[in-house]
Amino acid sequence: MSECLFCKIVKGEIKANKVFENDSVCAFEDINPQAKVHLLFINKQHTCNVNEMNEAEIGQVFKAIAEFTTSNNLSKSGFRVVTNTGPDACQSVFHAHFHVLGGEQLAGFGS
């Protein structure tokens, strides 16, 4: 989509601090971090939310998250993956994305 913020980041039209990129997935730092490490992992192909993604696309994103967190030692101490779907969940950019938070003790909200 030509007006999508994240699509513009993928195309290089908007600058972002990218931390991971392959043929299908891009990851960059969140501009309003909620943890010491707060990254956004997106599928380069535009989908509005996780419900529009197919199994392969979801798998590619989670494979990228696993690769990044393992190679950057986040998997040892732990991290959280969150996706917001729809306005009631506070999704503000309607391009499916997964927040990866870590690098410090995160607040608990259940097991």
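Can you find even one residue in segment 52-65 that is polar (S, T, N, Q) and surrounded by 14 or more Cβ atoms within 10 Å (Cβ to Cβ)? Within segment 52-65, one or more residues are polar (S, T, N, Q) and surrounded by 14 or more Cβ atoms within 10 Å (Cβ to Cβ). Test Asn72 against the criterion of being within 12 Å of the chain's Cα centre (by Cα), modelled with pLDDT under 95, surrounded by 11 or more Cβ atoms within 10 Å (Cβ to Cβ) and not hydroxyl-bearing (Ser, Thr, Tyr), and give yes or no. Considered against the rule, which asks whether it is within 12 Å of the chain's Cα centre (by Cα), modelled with pLDDT under 95, surrounded by 11 or more Cβ atoms within 10 Å (Cβ to Cβ) and not hydroxyl-bearing (Ser, Thr, Tyr), Asn72 comes out as no.
If you filter segment 10-24 down to residues that are β-branched (Val, Ile, Thr) and in contact with a helix residue (DSSP H, G or I) (Cβ under 8 Å, 6 or more places away or on another chain), you find that the one that is farthest from Thr69 (Cα to Cα) is Ile14.
Taking segment 17-31 only, how many residues are touching a His at 6+ places or on another chain (Cβ under 8 Å) and surrounded by fewer than 17 Cβ atoms within 10 Å (Cβ to Cβ)? Can you show your working first?
So the first thing to find is which residues in segment 17-31 are touching a His at 6+ places or on another chain (Cβ under 8 Å), and the list is 29-30.
Add one more test, that the residue is surrounded by fewer than 17 Cβ atoms within 10 Å (Cβ to Cβ), and what stays is 29.
The total comes to 1.
With respect to being closer than 17 Å to Phe6 by Cα, hydroxyl-bearing (Ser, Thr, Tyr) and modelled with pLDDT of 95 or more, Thr83 fits the description.
For (1) touching a Ser or Thr at 6+ places or on another chain (Cβ under 9 Å); (2) closer than 26 Å to Lys11 by Cβ; (3) touching a residue at least 12 places away in the same chain (Cβ under 8 Å); (4) not in a loop (DSSP other than H, G, I, E, B), each residue gets a yes or a no:
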{"position": "Ile65", "(1), (2), (3), (4)": "no, yes, yes, yes"}
{"position": "Thr85", "(1), (2), (3), (4)": "no, yes, yes, no"}
{"position": "Asp88", "(1), (2), (3), (4)": "no, no, no, yes"}
{"position": "Gln91", "(1), (2), (3), (4)": "yes, yes, yes, no"}
{"position": "Val100", "(1), (2), (3), (4)": "yes, yes, yes, yes"}
{"position": "Gln105", "(1), (2), (3), (4)": "yes, no, no, no"}
{"position": "Gly108", "(1), (2), (3), (4)": "no, no, no, no"}
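The values are calculated or read from the model by the stated rules, or taken from the named source; none is laboratory data. This one's a predicted model, so the numbers in the text were calculated from it and none came from an experiment. Every residue, glycine among them, receives a Cβ derived from its backbone with ideal geometry; neighbour counts consider all protein chains shown.
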